[in-house]
Amino acid sequence: MLFAALISACCLFGGVTAFGAGDTAVQTALLSNVPYLESISFTNADIDGGFSKDKTNFTVTLKDPAISPMLKSYGISGEAKIFVTYSYDETGRQTGIVVTLSFESGSIIYTFNYSNPQEYAVTNNKNLTALICEYGEVQPTINAEDTVYQLYIPSDLTQLDITPVTEDVNARCAPLSVEINIDQQPDLSFTVVASDGTTKQYKFKVKRVNKSLEEVKAEMNAEDYVSFVSNEKFYQQPLFMIIVCSVAGGILVIALLAAVTKRLTITPYDKEEKSFYASR
């Protein structure tokens, strides 16, 4: 009865928050009434003891403490948005992953603290390796040379929750959570601060594809999913691809017309050549 009363109160006032790992009984009762993580995994990190849906606090062991782990896969029971960020200590050292599930009646926060965090070291590494955006796709793939990219999103997406992933765990780059209008395609800027204080700025041009959020979700849930951008039909390709193809087609048509016109206007004989039948 006490658990039921607690659940009702939390849902009624929209104040659903994550309980600590010691509150397993209350937490289990609460999670049965709201969206929750069914599974989750990260690159370069193993969850110690495995993931359990009735807990919110975990420790993870990094395979390489010098490399930032990233969200690899997850499963959610119910309708909720997922937002992944990193936690840092007072020296600026990355110490864990924070996963927030947001839903209509509140949110649940999961923490994954590193059991073997990298020792703080000063370097000038200010590269990004990825951009975590639940329904966003970056092209081209982020690399060490380029600093300007495109971020493709569904046509009707209005909430952007983005977490930049730094190559060096001791570098920092602030996450971004912003609402945009359905017709907006803003330019986003992120500044990476290396542990030695030097900076590097990245720009991401938001572009909408001709697919709704539900269509993108369906594609991403497919077993053979690779990209919701590269497999678009021709008429759904980003505008710049249509323009390029149109220009190329126009040039080809002009070239063919010029060739045909030239062929029709060629004089079949030399005007200065004497006629074979001319009198001597």
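Data overview
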{"quantity": "The lone exception for TYR110 - which of (1) in a loop (DSSP other than H, G, I, E, B); (2) touching a residue at least 60 places away in the same chain (Cβ under 8 Å); (3) in contact with a Ser or Thr (Cβ under 7 Å, 6 or more places away or on another chain) it fails", "calculated": "(1)"}
{"quantity": "Matching option when the condition is touching a residue at least 24 places away in the same chain (Cβ under 8 Å), under 10 Å from the mean Cα position of the chain (by Cα) and outside any strand (DSSP E or B), among TYR135, TYR152", "calculated": "TYR135"}
{"quantity": "Any hit, region 175-183, residues being surrounded by 13 or more Cβ atoms within 10 Å (Cβ to Cβ) and over 28 Å from ALA45 (Cβ atoms)", "calculated": "yes"}
{"quantity": "Region 203-219 residues that are over 11 Å from TYR152 (Cβ atoms), paired with ones that are among the aliphatic types (A, V, I, L, M) and open to solvent by 10 Å² or more (accessible area, probe 1.4 Å) (beta carbon under 8 Å, 6 or more apart)", "calculated": "LYS203/VAL148; LYS203/LEU188; LEU213/LEU157"}
{"quantity": "Any hit, region 78-97, residues being touching an Asp or Glu at 6+ places or on another chain (Cβ under 8 Å) and free of Cβ contacts under 8 Å to residues at least 24 places away in the same chain", "calculated": "yes"}
{"quantity": "Odd one out for LEU128 among (1) of a type outside the set (D, E, K, R); (2) under 16 Å from ALA194 (Cα atoms); (3) surrounded by fewer than 16 Cβ atoms within 10 Å (Cβ to Cβ)", "calculated": "(3)"}
{"quantity": "Tally of residues being closer than 20 Å to MET70 by Cβ and open to solvent by 30 Å² or more (accessible area, probe 1.4 Å) across region 103-122", "calculated": "7"}
{"quantity": "Test: residue in region 17-32 that is aliphatic (A, V, I, L, M) and either at pLDDT 95 or above or in a loop (DSSP other than H, G, I, E, B) (or both)", "calculated": "yes"}
{"quantity": "Subset of region 155-196 (residues that are closer than 18 Å to MET70 by Cα, of a type outside the set (Asp, Glu), in contact (Cβ under 8 Å) with a residue 24 or more places away in the chain and not in a strand (DSSP E or B))", "calculated": "VAL169, ASN170, ALA171, CYS173, PRO175"}
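The values are calculated or read from the model by the stated rules, or taken from the named source; none is laboratory data. Keep in mind it's a predicted model, so treat the numbers as computed, not measured. Cβ sites come from the backbone with ideal geometry, for glycine too, and all protein chains shown count toward neighbours. Protein only, heavy atoms only, side chains kept; ligands, DNA and RNA dropped before computing areas. Shrake-Rupley method; radii C 1.70, N 1.55, O 1.52, S 1.80 Å.
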